[in-house]
Amino acid sequence: MASLKELKGRINSVKSTQKITKAKQMVAAAKLRRAQAAAEAARPYATRLAGVMASLAGKVTGDGAPLLLRGTGADQRHLLVVVNTDKGLCGGLNSNIVKAAKQKAQALLSQGKDVQFYLVGRKGRAPIRRDYAERIEKWFDTSAVRTPGFAEAEEIADDLLARFEQGQFDVAHLVFPVFQSALAQDPTVEQLIPVPPPSDTAGGGAPDGDVAVVEYEPGEEEILADLLPRFVRTRIFGALLEREASEQGASMTAMDNATRNAGDLINRLTIQYNRSRQAAITTELIEIIAGAEAL
């Protein structure tokens, strides 16, 4: 049984931990507001861009389509771009992202495909390296900047586009969390390269039978050649924004749970301390009374 001194030391230690988790919860809550606003502000632009691409892609077919739209014609070499956080203490966010990436990799491998990983963020490296160390193509570190922005997204996109043009892979999939709320961040897997032709209704286009005739200058092929790389950069930038919002939301929830658990532990230790102290006092009184009666 622990002594009174040990119990008091444990109570003080848990109280110090509780102060830290409470402070981190408040910091995460403050950062969440900005990260959530940034992620939500980027979604309409991506939706509208997808709508413009839908209008253009429907008019370009065959060999006239850009490489980013028509693909290499093969479906053998797949690259999984996994977007994880750089910091921990955010609950099961990173483990859920890694789980989704591993499930996608296992599904592709079972079909006889060649799978490689392109890891963004630090926290996804160790669990993926344990199972697929020889399949990691590159690690992209975003921890050097306080908050990754469009410059980092552009660097990642340019690297992926260069690898695609060099024929290093046929299909790239983006694995990232989508922020829903502080309690829910859904891991999502979507095809990034070649860009899948979006539906006409995705961007709020006109229904069938009431389609406006639009003439483009220059031609659709030239516009798509410039628009498709921009779309890839936008999707990666959106994934980074969703990651930041998901990280702060998951961190706030995790720290709130840790603070509550610390409070419960403090209550249990305090009860145990009081009982041990009362037992020690009772024992001392019994010894004093017994000694007095013996005299």
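The values are calculated or read from the model by the stated rules, or taken from the named source; none is laboratory data. What you see is a predicted model, and the numbers here were worked out from it, not measured in a lab. Heads up, the Cβs are rebuilt from the backbone with ideal geometry, glycines too, and the neighbour counts pull from every protein chain shown.
Within segment 113-124, track down each residue that is out of contact with any strand residue (DSSP E or B) (no Cβ under 6 Å at 6 or more places or on another chain) and modelled with pLDDT of 90 or more.
Within segment 113-124, no residue meets the criteria.
Out of the residues in segment 55-67 meeting the condition of being surrounded by 18 or more Cβ atoms within 10 Å (Cβ to Cβ) and either outside any loop (DSSP other than H, G, I, E, B) or of a type in the set (Gly, Ala, Ser) (or both), tell me which one is modelled with the lowest pLDDT.
Going through the qualifying residues, I end up with Ala57.
Which count do you get for residues in segment 78-106 that are surrounded by fewer than 17 Cβ atoms within 10 Å (Cβ to Cβ) and not in a loop (DSSP other than H, G, I, E, B)?
Of the residues in segment 78-106, 5 are surrounded by fewer than 17 Cβ atoms within 10 Å (Cβ to Cβ) and not in a loop (DSSP other than H, G, I, E, B).
Which of the residues spanning segment 126-157 are part of a helix (DSSP H, G or I), in contact (Cβ under 8 Å) with a residue 40 or more places away in the chain and closer than 23 Å to Arg77 by Cβ?
Ile128, Ile156, Ala157
Just checking, how many residues over segment 160-183 are in contact (Cβ under 8 Å) with a residue 12 or more places away in the chain and within 19 Å of Leu241 (Cα to Cα)?
Selection size over segment 160-183: 11.
Anything in segment 158-180 that is touching an Asp or Glu at 6+ places or on another chain (Cβ under 9 Å), of a type outside the set (Phe, Trp, Tyr) and part of a helix (DSSP H, G or I)? List them, or say none.
Answer for segment 158-180, where residues must be touching an Asp or Glu at 6+ places or on another chain (Cβ under 9 Å), of a type outside the set (Phe, Trp, Tyr) and part of a helix (DSSP H, G or I): just Arg163.
Which condition does Arg70 not pass, out of (1) at pLDDT 80 or above; (2) more than 28 Å from Arg268 (Cα to Cα), if it passes all the others?
Every listed condition holds for Arg70 apart from (1).
With (1) within 25 Å of Ala184 (Cβ to Cβ); (2) in contact (Cβ under 8 Å) with a residue 12 or more places away in the chain; (3) outside any strand (DSSP E or B) as the list, and Val14 as the residue in question, which single condition is left unmet?
Of the numbered conditions (1) within 25 Å of Ala184 (Cβ to Cβ); (2) in contact (Cβ under 8 Å) with a residue 12 or more places away in the chain; (3) outside any strand (DSSP E or B), the odd one out for Val14 is (1).
Report, ordered by the first and then the second residue, all pairs with beta carbons closer than 9 Å, sequence separation of six or more or different chains, a first member in segment 276-287 that is of a type outside the set (Val, Ile, Thr), and a second member that is in a helix (DSSP H, G or I).
Ser276/Leu4; Ser276/Leu7; Arg277/Leu4; Arg277/Leu7; Ala280/Leu4
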